[in-house]
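Colleague: First, the structure itself, so that you have it in front of you.
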Amino acid sequence: MTTSAPPTVVIPATPSSREILVRLFPGVKPPPSLLAPGRVPNCGPEATAALLKALRITTSGAMSFSTSSVSTIHHLLAIYALGASAPVINAAYEDTHLDHLRVAFVAPNKVTTTDDTFTDYLGNDHYYNAYLDYFHRVVLQPGVNISDILEKYIFSSHYNVRMPKQGTEQPKMLHRFLEILIHPIIHVGYGAEFGIMGLIAEGLAWTSVHAAGATTPITRLLFTQRTTPISELEKQEPEWMPKAGSRLRTLRILTLMLRDPRFFGNRTLDKHEFAAMLESHGEIFVKYGELWDCQIETQEDLEARMEELIWAATLMYGVGSWDGNEAEYRADFFTAHIVTSVLFIPTICAYLSRESQRKLLRAHFLTSITWWVVRGRPSFALKDFTSRPLPPVPNVPSSKYSNTLPGTLPTPATCALSSTTPYAGNANPWYAILADALVHPNEHLCKVHREAGFVLESLSKDGVDVNPEYGYLDGSVFLRTAWLTASALGWVTHGEENTGAWNYQEFQKAALEELELMKGQGRA
C-alpha cells in the first residue's frame with residue numbers, strides 16, 4: 001500500500017507503556033508447525049533482545065505504521081530467522097531504516113474504533129491507530145488465541161460480507177488481507193510464526209486500512225454471487241477452455257492462462273491500468289480461480305495443495321524473471337511478493353480450520369495469477385532455465401552471471417574433500433547465499449532467499465509429479481532463483497555494491513509521477 005500523506009492537523013500518538021509493550025512483544029516462540037519455515041541458529045540471547053527492542057520501538061505508537069515501518073519489521077524478522085547476530089540486527093535497524101520512519105498520529109477527530117464502528121473507516125490509513133488500539137484490546141484479552149482471532153476477523157462471513165450491509169463499507173477482511181502487494185498476510189504471518197501478539201494486532205490493523213478491490217477480486221470468488229451480465233470479452237472464451245465445474249491443478253491453470261488470447265500478450269501493465277483490467281477481466285480471473293481443485297479434507301490434502309501453491313509462486317517469480325542466460329535477471333519486484341508471502345501459508349494454516357485453509361489458499365492463488373498477468377504473464381522456459389550447471393560449477397563464459405562467487409576465494413588445503421573441484425571452496429551454495437542476505441542492505445533480498453531456501457524442505461514432489469507438462473521442474477529451481485537474485489542485487493559479502501536492481505518498470509514510473517504531483521499540490 002502506498003502510504004498517503006498525513007492529515008492536515010496531526011496529533012502525535014501517545015506511545016504504549018512499557019508494560020503493554022512487554023505483553024504485546026513478550027518473546028519469540030518456535031514455529032507452530034513442522035511445515036513452517038525453519039530457522040538458522042543465531043549467536044545467543046543477545047540477538048533476541050536486539051530484535052524485541054527494535055520491534056517495541058518501531059511499533060510502540062511512537063512511529064507511524066507505514067510502508068517504511070513494515071519494511072523495517074519484516075527485514076529484522078527475516079534476518080533473525082536466518083541467524084543474524086545482535087550487531088547485524090542493530091545495524092539493519094539503525095543504518096537502513098531508522099531515518100525512513102514517520103512519527104505516529106492519532107486518527108482524525110480522535111476516532112475510536114469499536115465493534116459497532118468497525119466498518120466506518122476501512123481502507124483509510126489515516127485511521128490506522130484507531131484500528132491498532134482496537135486490535136490491541138482484542139489480542140490482550142485473557143485467554144485469547146491466534147486461531148480464534150484469525151477465524152473471526154479474517155475468515156468469518158461477518159467480517160467479509162454482511163447482509164444486510166452495515167456501515168459505509170463491507171468488511172471484506174480476507175480481501176484486504178491479500179491486497180496491495182500482499183503485505184498484510186506477511187505481517188500477520190510473522191506474528192503467527194513467532195507467536196507475537198503485537199504483530200498480529202498490527203497486521204490486522206494494517207489489513208483494515210487496505211483498500212478492497214484494488215488488485216484482486218477475492219470477495220467475488222469466495223463470498224458473493226455474480227450480479228453482472230456476461231461481458232463481450234468473456235464471450236470470446238477459447239473453445240479449449242475447460243467446462244464450468246472442471247477442477248484442475250495450479251500448474252495446468254497457468255498453462256491455460258498462457259494460451260488465453262484475452263489477456264495482454266507479454267505487456268507489463270502500468271499502475272493506472274490495473275483498475276481498468278480488474279473491471280474488464282475480473283470475472284475471467286475468478287473463473288480461473290474457480291478451476292483450482294482445492295478441496296481440503298485431510299492434512300495430506302492440505303500439504304498437496306500448499307505444494308502446488310509454492311511451485312506456482314516460484315515459477316511466476318523465479319523462472320518468470322529470467323530472459324535467458326545472457327540477459328539481465330529482471331528480479332521482478334511484484335511477483336517476488338508472491339514468493340515472500342507464500343512462505344507464511346503453512347504457518348497460518350496451522351491455526352485454521354479446513355474451510356478457512358481452503359479460503360486462504362484460493363485467495364492467495366487468485367491474487368498471484370492477477371499480479372502475474374499484470375507483470376506481463378511471463379512464460380516458463382524451464383528446459384533452458386534448468387540446463388545450466390548449478391553453482392558452484394562454472395557456466396559458459398557468455399553467461400551474464402557467473403556460477404562462482406566474485407573476488408579472490410580462499411585456497412582449500414589439499415586434504416579438503418573435493419579439493420580439486422569448485423565444491424571445496426563452496427560446498428553448499430546456500431551458505432554463501434544466506435550469509436550475503438544477512439548483511440545485504442536491501443530488505444527484500446533476505447525475504448526472497450528465506451522462501452527459496454526453506455520451503456524446499458516441505459516439498460515431497462518434483463514439479464513433474466504435480467503436472468507432467470512441467471517435466472524440467474525440480475528442486476534446483478529454488479537454488480537457481482536465489483543465485484540469480486543474489487547476483488542481480490550484488491554480492492556485498494564479496495565486494496560488490498548493492499545494485500537495488502528490482503524490476504519495477506512502469507509501476508515505479510507512475511508512482512514517481514504521482515508523488516511529484518502530490519508534492520506540487522503540497523500533499524506530500
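The values are calculated or read from the model by the stated rules, or taken from the named source; none is laboratory data. What you are looking at is a predicted structure, and each value in this text was computed from that prediction instead of being measured. Here Cβ is always computed from backbone atoms with ideal geometry, including for glycine, and neighbour counts include all displayed protein chains. For accessibility, only protein heavy atoms count, side chains too; no ligands or nucleic acids. Shrake-Rupley method; radii C 1.70, N 1.55, O 1.52, S 1.80 Å.
Colleague: For segment 340-415, what relative contact order do you get, as a whole percent, if you take Cα pairs closer than 8 Å and at least 6 residues apart?
Modeller: About 14 percent, as a whole number.
Colleague: Compute from the Cα atoms of segment 218-340 the Rg and the Dmax, the latter being the longest Cα-Cα distance, and quote both in angstrom.
Modeller: Reported Rg and Dmax, both Å: 16.1, 49.
Colleague: What pairs from Lys165/Lys271; Lys29/Lys287; Lys29/Lys165; Lys110/Lys172; Lys172/Lys243 go past 32 Å between their alpha carbons? If you can, show how the numbers build up before the last one.
Modeller: Values: Lys165/Lys271 30 Å; Lys29/Lys287 40 Å; Lys29/Lys165 39 Å; Lys110/Lys172 24 Å; Lys172/Lys243 29 Å.
Cα-Cα > 32 Å for Lys29/Lys287; Lys29/Lys165; rest within.
Colleague: If you don't mind, there's one more thing I want to ask. Residue by residue, what Karplus-based ³J(HN,Hα) values in Hz, rounded to whole numbers, does segment 9-18 have, using 6.51, -1.76 and 1.60 with θ = phi - 60° and x for Gly and Pro?
Modeller: Result, rounded to whole Hz: 9, 10, 10, x, 6, 7, x, 5, 5, 4.
Colleague: What's the magnitude of the charge dipole for segment 303-356 around its Cα centre, counting Lys and Arg as +1 and Asp and Glu as -1 at the beta-carbon? Answer in Debye, nearest 20.
Modeller: 240
Colleague: Please get the size of the charge dipole for segment 95-250, origin at its Cα centre, with Cβ charges of +1 on Lys and Arg and -1 on Asp and Glu, quoted in debye to the nearest 20. List each step's numbers first, then the result.
Modeller: Working: 14 positive and 17 negative charges, 107 e Å.
Roughly 520 debye for segment 95-250.
Colleague: Quick one: pull the percent of accessible area on segment 197-298 belonging to carbon and sulfur, 1.4 Å probe, ligands and nucleic acids left out.
Modeller: Values: 2270 of 4540 Å².
Roughly 50 percent, rounded to a whole number.
Colleague: Further, regarding this structure: Taking H placed 1.01 Å from N in the peptide plane, check which residues at least 5 places from Thr215 or on another chain put their amide H under 5 Å from its amide H.
Modeller: Correct list: Ile180.
Colleague: OK, next. If you plug each phi of segment 418-434 into the Karplus form 6.51 cos²θ - 1.76 cosθ + 1.60 with θ = phi - 60°, what whole-Hz ³J(HN,Hα) values come out, in order, with x for Gly and Pro?
Modeller: So the J values, rounded to whole Hz, are 6, 5, 9, 10, x, 6, 5, x, 8, 5, 9, x, 4, 4, 5, 5, 6.
Colleague: Taking the radius of gyration and the Kirkwood hydrodynamic radius from Cα positions alone, what is the Rg/Rh ratio for segment 215-266, to two decimal places? Let's see the in-between values first.
Modeller: Working: Rg = 12.7 Å, Rh = 13.2 Å.
My calculation puts Rg/Rh at 0.96.
Colleague: Test of understanding: what is the full-extension gain from Tyr423 to Glu273, defined as 0.36 nm times their sequence separation minus their Cα-Cα distance? Spell out each step's value before the answer.
Modeller: Working: separation 150, 0.36 × 150 = 54.00 nm, distance 4.79 nm.
Extra length available between Tyr423 and Glu273 comes to 49.2 nm.
Colleague: Considering only protein heavy atoms, with the full assembly of protein chains and a 1.4 angstrom probe, order Ser353, Ser208 by accessible area, largest first. Walk me through the numbers on the way to the answer.
Modeller: On the way: Ser353 50, Ser208 0 Å².
So, going from the largest accessible area down, we get Ser353, Ser208.
Colleague: Given the options His97, Ile182, Phe334, identify the residue whose Cα lies farthest towards the positive end of the charge dipole of the chain (+1 on Cβ of Lys, Arg; -1 on Cβ of Asp, Glu).
Modeller: Ile182
Colleague: Distance in nm between label sites at Ala214 and Thr112, each 7 Å beyond Cα in the beta-carbon direction?
Modeller: Between Ala214 and Thr112, the simple spin-label model gives 2.9 nm.
Colleague: Could I ask something else about it? For Leu248, what residues show an amide H to amide H distance below 5 Å, using hydrogens built from the backbone and excluding near sequence neighbours?
Modeller: Under 5 Å from the amide H of Leu248 lie the amide H atoms of Trp292, Asp293, each far enough along the sequence or on another chain.
Colleague: Run through segment 229-300 and list the GluC sites (Glu not before Pro) located in a DSSP loop whose Cβ has at most 16 other Cβ atoms within 10 Å. Each step should come with its number before you reach the end.
Modeller: Working: sites: Glu232, Glu234, Glu239, Glu273, Glu279, Glu283, Glu290, Glu297, Glu300; in loops: Glu239, Glu297.
Filter output for segment 229-300: Glu239, Glu297.
Colleague: Separate question: Counting pairs of alpha carbon atoms under 8 Å apart in space and at least six apart in sequence, what relative contact order in percent does segment 101-214 give?
Modeller: Values: 157 pairs, mean separation 35.9, N = 114.
Relative CO of segment 101-214 lands at 32 percent.
Colleague: Looking at Thr216, Val111, Leu360, which one has the Cα that reaches farthest to the positive end of the dipole of the chain (charges on Cβ: Lys, Arg +1; Asp, Glu -1)?
Modeller: Val111
Colleague: Once each part is reduced to its C-alpha centroid, what is the distance from segment 375-397 to segment 290-355 in angstrom?
Modeller: With segment 375-397 and segment 290-355 each reduced to a Cα centre, they are spaced 19 Å.
Colleague: Quantify, in whole percent, the carbon and sulfur part of the accessible surface of segment 303-379 (1.4 Å probe; protein heavy atoms only).
Modeller: Details: 620 of 1390 Å².
For segment 303-379, the apolar C and S fraction of the accessible surface comes to 45 percent.
Colleague: Relative contact order (percent) for the chain, with alpha-carbon contacts under 8 angstrom and 6 or more residues of separation? Let's see the in-between values first.
Modeller: Details: 791 pairs, mean separation 85.5, N = 524.
Reported relative contact order: 16 percent.
Colleague: As a test of reading the structure, rank His494, His444, His187 by solvent-accessible area (1.4 Å probe, protein chains only), most first. Please list the in-between numbers first.
Modeller: Numbers: His494 60, His444 25, His187 0 Å².
Largest to smallest exposure gives the sequence His494, His444, His187.
Colleague: Convert each backbone phi in segment 33-48 into a coupling constant with the Karplus relation 6.51 cos²θ - 1.76 cosθ + 1.60 (shift: θ = phi - 60°), then list the ³J(HN,Hα) values in order as whole Hz, x for Gly and Pro.
Modeller: Rounded to whole hertz, the list is 8, 5, 7, 5, x, x, 10, 8, x, 9, 9, x, x, 4, 5, 5.
Colleague: Another question about this same structure. Could you do me a favour and compute the accessible area per residue for the chain, 1.4 Å probe, result in Å²? Present the calculation step by step, with values, prior to reporting the outcome.
Modeller: On the way: 21600 Å² over 524 residues.
Solvent-accessible surface per residue comes out at 41 Å².
Colleague: In terms of modelled amide H atoms, which long-range or inter-chain residues lie less than 5 Å from the amide H of Phe105?
Modeller: Result for Phe105 returns Ala13.
Colleague: To the nearest 20 debye, what is the magnitude of the charge dipole of the chain about its Cα centre, counting +1 on the Cβ of each Lys and Arg and -1 on the Cβ of each Asp and Glu? It would help to have the intermediate numbers written out before the result.
Modeller: Details: 44 positive and 53 negative charges, 119 e Å.
The dipole of the chain has a size of about 580 debye.
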